Amino acid sequence: MSESTRPLALVTGASSGIGFELAKQFAEHGYDLIVAAEDVELDDATAHLRTYGGNVAPVSVDLTKRADVERLVAAYRGSGRSLDAAALNAGVGVAGRFAETDLDAELGMVELNCASTVHLAKRVVQDMVARGEGRILFTSSVASQAPEPFQAVYSATKAFVQFLALGIREELTGTGVTVTALLPGPTDTEFFDRADATDTKLGASDSKDDPAQVAKQGFEGLMKGEASVFAGSVTSKLMGKLSAILPDSIAGKSHKPMTRPGSAE
């Protein structure tokens, strides 16, 4: 990979969903890739991404472990090349009544969505600032814009990511490094299955956004240096922006019927 003249991008959570589609966007636009995920689907994703003609290096990591975050950093630093772009996309959800959800699952979610994102962003930002250029995309969520009953911890982690991205963005003004936050709405991925939210109106909806569309809009926003990209359908974009301006108490109540367990019945 060190002999390639193509730009290099890092994508986490790249085995499926939005992360896989983001990796495809980079591949389609001439990037070599370092792709990271924990699950076995990474092998299939890597094989597909290589069909675009670039170099693709898979790194199997559990980003809830700090040693694995550092191993991923060592992988891109050891490539002998500068990192031109990074999509910090890895994340999970946990849904349900807070009094009943599994504590270990929620603490693991905080570790992945928040702590590992800080850890990896720290290393990526340090390297890009030293070089004087680079692009970073954080996958946030429209859930970052308002309290989410029955997804309380998840929405809090995404609010963390959103504010982290925008805070770093402002710090890096004039450095040559841009930061963009991607805010998808409900998207047709494995998220709702993994979050145990398929029995909600939101999880059971057949009008979820296409992850390829979300990723394309996110990539375009990253290339333009935009601050935040509300991605997906027109409806998702409008709902996300509306959540951002409504009082928290009203926004939380409006979301409750969609996220309540059993509401799909």
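Please treat every number below as a calculation from the coordinates, not as lab data. It should be emphasised that the depicted structure is a prediction, and the values quoted were computed from it without experimental measurement. Backbone-built Cβ (ideal geometry, glycine too); neighbour counts: all protein chains shown.
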May I ask you to list the aspartates and glutamates whose Cα is less than 15 Å away from that of Lys253, ignoring any residue fewer than eight positions away on the same chain?
-> Glu148
Positive-end extreme of charge dipole, the chain - chosen from Val153, Gly80, Ile18 (charges on Cβ) | Gly80
Cross-link partners among lysines for Lys256, C-alpha distance below 30 Å, same-chain residues fewer than 8 apart left out?
-> Lys158, Lys201, Lys208, Lys216, Lys237, Lys241
With a 10 Å Cβ neighbour count serving as the proxy for reagent exposure, in which order, fewest first, do Ser82, Ser140, Ser15 appear?
-> Ser82, Ser15, Ser140
Once Lys and Arg get +1 and Asp and Glu get -1 on their Cβ, which of Phe163, Ala204, Leu63 lies farthest toward the positive end of the dipole of region 8-259?
-> Phe163
Grab the Cα-Cα distance for Leu103 and Asp44, subtract it from 0.36 nm times how many residues apart they are, and report the gain in nm with one decimal.
-> 18.0 nm
Match the structure shown to one of the listed values (i) 29, 22, 16; (ii) 30, 19, 17; (iii) 26, 22, 18 of semi-axes √(5λ) of the Cα gyration tensor in Å, computed from it, and give that label.
-> (ii)
Packing-based exposure ordering (other Cβ within 10 Å, fewest first) of His255, His48, His119 = His48, His119, His255
About its Cα centre, the chain carries a charge dipole, from +1 on Lys and Arg Cβ atoms and -1 on Asp and Glu Cβ atoms, whose size in debye to the nearest 20 is 840 debye
Could you work out the helix-only [θ] at 222 nm for the chain, with each DSSP H run of four or more residues adding -39,500 (n - 2.57) and the total divided by the number of residues, to the nearest 500 deg cm²/dmol?
-> -14000 deg cm²/dmol
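Does region 148-265 come out rounded, prolate or oblate, given a ≥ b ≥ c as the square roots of the eigenvalues of its C-alpha gyration tensor, rounded meaning a/c under 1.5 and, failing that, prolate meaning a/b above b/c?
Prolate, because a/c is 1.5 or more and a/b exceeds b/c.
Among all helices in the chain defined by DSSP H, which have a length of 27 Å or more along the axis from Cα atoms plus a Kyte-Doolittle mean of at least 0.5?
152-171
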List the trypsin sites (Lys or Arg not before Pro) within region 29-90 that fall in a DSSP loop (any state other than H, G, I, E or B) and whose Cβ has at most 16 other Cβ atoms within 10 Å.
-> Lys65
Region 32-90-region 213-265 distance, computed between alpha-carbon centres (Å) | 28 Å
Within 10 Å, count the other beta carbons around each residue, average over each peptide in 209-217, 256-264, 143-151, 169-177, and list them highest first.
-> 143-151, 209-217, 256-264, 169-177
